[in-house]
Amino acid sequence: MDSDKNINEIGNNSIAEVDVDRIDDDRSEVDTRQSRRASCIILPITSLPSPYGIGTVGKAAYDFIKFLADSGQKYWQILPIGPTSYGDSPYQSFSSFAGNPYLIDLELLVEDGLLEYEEFENVNFGDNPEYVDYSLMYLYRFKVLELAYKRGKESLKEEVKKFRTQNSYWIDDYALFMAVKKHFMDASWIDWPEDIKLRKPKAIKKYMTDLKDEVDFYIFLQYLFHKQWTILREYSKRHGIEIIGDIPIYIAMDSADAWAYSDILMLDKKTLKPLEVGGCPPDGFSDDGQLWGNPVYDWDYQKETGYEWWIKRIEINLKYYDILRLDHFIGFSSFWSIPYGDETAKYGVRRPGPGYEFFEKLEQRLGELPIIVEDLGVQSEEVFKLKKKVGYPGMAVLQFGFFPFEDADYIPHNLEENTIVYTGTHDNQTIRGWLEGLNESEFKFVKDYVNLTEEEGYNWGMIRSAMMSHSRLAVVPMHDYLNLGDEARINEPSTLGNNWKWRVLKSKLNPELAAKIRYITRLYGRMN
């Protein structure tokens, strides 16, 4: 290993010394040309600091928005915020429309008179401030929220009723799904009794009646989440911070969406089990490909119905976010479809996606859409043509751009303006972890190209490379600003058990770091 590559003690929040007092806080001086350029930090809400086990939309979220503003950022990118299922992945959610009850802030419920501190301050939500213990969340969080429901279900009845009416497209299906799922000991809806599995009208009426209090509880939680989220969004806008949210292309099989809208999926009409599931074909990274297991869409049916479900999905999610990051854009051109029951993705086939017509229909109904497309992976000529036609900016990940003396697409000198450059995404290693894993020749190439130095900090050198690129938007995960190793990695695809857990310590989000981020942001014309 190169002797210079001793990065364990390098770059801990360091950049070349900054005279904080000289930083000009007058944002009005940023000229029009520069204002088209911007920067963003990735930090999932669950990764925010909190004394109660998981990040929420409470005080820490407000503090982080202030930190972003002080850092000169324009955007905050978060992961999907839907209720999570097995594996705790926000990309495997029980609903495409609901919010995650774990994100409801308990202290805000105290302010609303729905909880008392003594009802949750001694609950065991975990004792590690840097990681989420989802098993404890599952065991105890809902028990606390049930206390808030019992205290508020009568006094807030009219507000909740109004909220339910405003969200009638999805909320009854979601709440009944969750109530029935709990009733059958968390069994997948595929294993429910035939009448409710097939949504027979009598069964729907029966369970709505028998499980009324449980249904009302899940609706109440969504009311609480949406109320807290709406106030946070308003605060964010006042501070000039826009929120980028993720829209997973596929839905989970065990979800209210798959149960309530089974016609949009390639399912067996009798058993409602998937005929085919999604994934990626074998490539240089995996001989078996990636087997995601999500049911794939019946795009012919979607076309016949005018893509109504997707239009509703985008419309409702635009109430959560300012910009949508559309996952797996390649799948809208063509997608890898694998026979249900296969143990690998080897024997899938490539099927045509909806193509340009889909995006045309979206914009006919919803107007010009603020979309970023996740177009990573092996791209065909058809994908390039589709991306050019829709005009949405695609993504470029620096970690995929450095191959010694190869003219890679994602190397900084090849980046075009209509791209979003990332030092890494939630699926990547941290910059520090990535650098530590390079061999000597790879590391030397990166070091020479970027001019990495110990004085500046290797992480800051990579961030600088993204900031100075031509890309319209530069995005940096919070763990890269903190120069953390792979202990802070958010997700390692195709693995279970250790993902979506990392949390940032409150002490790390300090004015000194904000000043350093602000300096480099302003230096390269990306000031908010």
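Does segment 120-134 contain any residue that is small (Gly, Ala, Ser), in a helix (DSSP H, G or I), modelled with pLDDT of 95 or more and in contact with an Asp or Glu (Cβ under 6 Å, 6 or more places away or on another chain)?
Checked against the condition, which is being small (Gly, Ala, Ser), in a helix (DSSP H, G or I), modelled with pLDDT of 95 or more and in contact with an Asp or Glu (Cβ under 6 Å, 6 or more places away or on another chain), segment 120-134 yields no hits at all.
Only residues that are surrounded by fewer than 23 Cβ atoms within 10 Å (Cβ to Cβ) and not in a loop (DSSP other than H, G, I, E, B): list them for segment 447-460, please.
Within segment 447-460, LYS447, ASP448, TYR449, VAL450 meet the criteria.
Scan segment 171-182 and report the pairs whose first residue is part of a helix (DSSP H, G or I) and whose second residue is modelled with pLDDT of 95 or more and among the small types (Gly, Ala, Ser), with Cβ atoms within less than 6 Å and a gap of 6+ or a chain change.
Every condition considered, the pairs that remain are ASP173/ALA256; ASP173/ALA260; TYR174/SER95; TYR174/ALA98; TYR174/ALA256; PHE177/ALA256.
Against the definition (farther than 23 Å from MET468 by Cβ, modelled with pLDDT of 95 or more, within 28 Å of the chain's Cα centre (by Cα) and basic (Lys, Arg)), how does LYS59 come out, yes or no?
For LYS59, the condition - farther than 23 Å from MET468 by Cβ, modelled with pLDDT of 95 or more, within 28 Å of the chain's Cα centre (by Cα) and basic (Lys, Arg) - is met.
Take PHE384 and tell me if it is crowded, with 17+ Cβ neighbours inside 10 Å, more than 24 Å from the chain's Cα centre (by Cα) and at pLDDT below 95.
Considered against the rule, which asks whether it is crowded, with 17+ Cβ neighbours inside 10 Å, more than 24 Å from the chain's Cα centre (by Cα) and at pLDDT below 95, PHE384 comes out as no.
Identify, by number, the condition in (1) surrounded by fewer than 19 Cβ atoms within 10 Å (Cβ to Cβ); (2) within 21 Å of LYS227 (Cα to Cα) that ARG141 doesn't meet.
(1)
Scan segment 470-484 residue by residue and report those that are free of Cβ contacts under 8 Å to residues at least 60 places away in the same chain and of a type outside the set (Asp, Glu).
Within segment 470-484, HIS470, HIS479, LEU484 meet the criteria.
Criterion first (in contact with a helix residue (DSSP H, G or I) (Cβ under 9 Å, 6 or more places away or on another chain), of a type in the set (S, T, N, Q), under 19 Å from GLY293 (Cα atoms) and surrounded by 20 or more Cβ atoms within 10 Å (Cβ to Cβ)) does SER255 satisfy it?
So SER255 passes the test.
Kindly evaluate LYS312 against the criterion of being within 22 Å of the chain's Cα centre (by Cα) and either more than 15 Å from ILE247 (Cβ to Cβ) or at pLDDT 95 or above (or both).
Yes: the conditions hold for LYS312.
Does segment 146-167 contain any residue that is at pLDDT 95 or above, among the hydroxyl-bearing types (Ser, Thr, Tyr) and touching a strand residue (DSSP E or B) at 6+ places or on another chain (Cβ under 8 Å)?
no
One residue is enough: does segment 489-507 have a residue meeting the conditions buried (at least 17 other Cβ atoms within 10 Å of the Cβ), touching a helix residue (DSSP H, G or I) at 6+ places or on another chain (Cβ under 9 Å), assigned to a helix (DSSP H, G or I) and in contact (Cβ under 8 Å) with a residue 24 or more places away in the chain?
Looking through segment 489-507, none of the residues is buried (at least 17 other Cβ atoms within 10 Å of the Cβ), touching a helix residue (DSSP H, G or I) at 6+ places or on another chain (Cβ under 9 Å), assigned to a helix (DSSP H, G or I) and in contact (Cβ under 8 Å) with a residue 24 or more places away in the chain.
Since TRP434 meets every condition but one in (1) assigned to a helix (DSSP H, G or I); (2) within 24 Å of the chain's Cα centre (by Cα); (3) surrounded by fewer than 20 Cβ atoms within 10 Å (Cβ to Cβ), which condition does it not meet?
(3)
Select from segment 67-105 the residues that are at pLDDT below 95 and at positive phi and list them in ascending order.
Those that are at pLDDT below 95 and at positive phi: GLY87, ASP88.
Looking at (1) over 23 Å from the mean Cα position of the chain (by Cα); (2) in contact (Cβ under 8 Å) with a residue 24 or more places away in the chain, which is the one condition that is false for ASN451?
Of the numbered conditions (1) over 23 Å from the mean Cα position of the chain (by Cα); (2) in contact (Cβ under 8 Å) with a residue 24 or more places away in the chain, the odd one out for ASN451 is (2).
Exactly one of (1) out of contact with any strand residue (DSSP E or B) (no Cβ under 8 Å at 6 or more places or on another chain); (2) of a type outside the set (A, V, I, L, M); (3) not in a helix (DSSP H, G or I) is unmet by ARG518. Its number?
(3)
Which residues, taken from segment 472-488, are under 21 Å from the mean Cα position of the chain (by Cα) and not in a helix (DSSP H, G or I)?
Correct list: ARG472, LEU473, ALA474, VAL475, VAL476, PRO477, LEU482, LEU484, GLY485.
Consider segment 374-418. How many of its residues are outside any helix (DSSP H, G or I) and either over 23 Å from ILE490 (Cβ atoms) or in contact with a Leu (Cβ under 8 Å, 6 or more places away or on another chain) (or both)?
23
Restricting the search to segment 250-266, which residues are in a loop (DSSP other than H, G, I, E, B) and of a type outside the set (Ser, Thr, Tyr)?
Those that are in a loop (DSSP other than H, G, I, E, B) and of a type outside the set (Ser, Thr, Tyr): ILE251, ALA252, MET253, ASP254, MET266.
Report yes if some residue within segment 205-217 is touching a residue at least 12 places away in the same chain (Cβ under 8 Å), assigned to a helix (DSSP H, G or I), within 25 Å of GLY58 (Cα to Cα) and in contact with a helix residue (DSSP H, G or I) (Cβ under 6 Å, 6 or more places away or on another chain); otherwise report no.
Yes: segment 205-217 contains one or more residues that are touching a residue at least 12 places away in the same chain (Cβ under 8 Å), assigned to a helix (DSSP H, G or I), within 25 Å of GLY58 (Cα to Cα) and in contact with a helix residue (DSSP H, G or I) (Cβ under 6 Å, 6 or more places away or on another chain).
Confirm whether ASN451 is under 26 Å from ARG37 (Cβ atoms), touching a helix residue (DSSP H, G or I) at 6+ places or on another chain (Cβ under 8 Å) and modelled with pLDDT under 95.
Judged against the criteria, ASN451 is not a match.
Hey, GLU159 hits all of (1) assigned to a helix (DSSP H, G or I); (2) touching a helix residue (DSSP H, G or I) at 6+ places or on another chain (Cβ under 8 Å); (3) surrounded by 16 or more Cβ atoms within 10 Å (Cβ to Cβ) but one; which does it fall short on?
Going through (1) assigned to a helix (DSSP H, G or I); (2) touching a helix residue (DSSP H, G or I) at 6+ places or on another chain (Cβ under 8 Å); (3) surrounded by 16 or more Cβ atoms within 10 Å (Cβ to Cβ) one by one, GLU159 breaks only (3).
Exactly one of (1) closer than 22 Å to LEU505 by Cα; (2) without any contact (Cβ under 8 Å) to a residue 60 or more places away in the chain; (3) crowded, with 22+ Cβ neighbours inside 10 Å is unmet by GLY82. Its number?
(1)
The values are calculated or read from the model by the stated rules, or taken from the named source; none is laboratory data. Nothing here was measured: the structure is a model prediction, and the numbers come from that model. With ideal geometry, Cβ positions are generated from the backbone for all residues, glycine too; neighbour counts draw on all protein chains shown.
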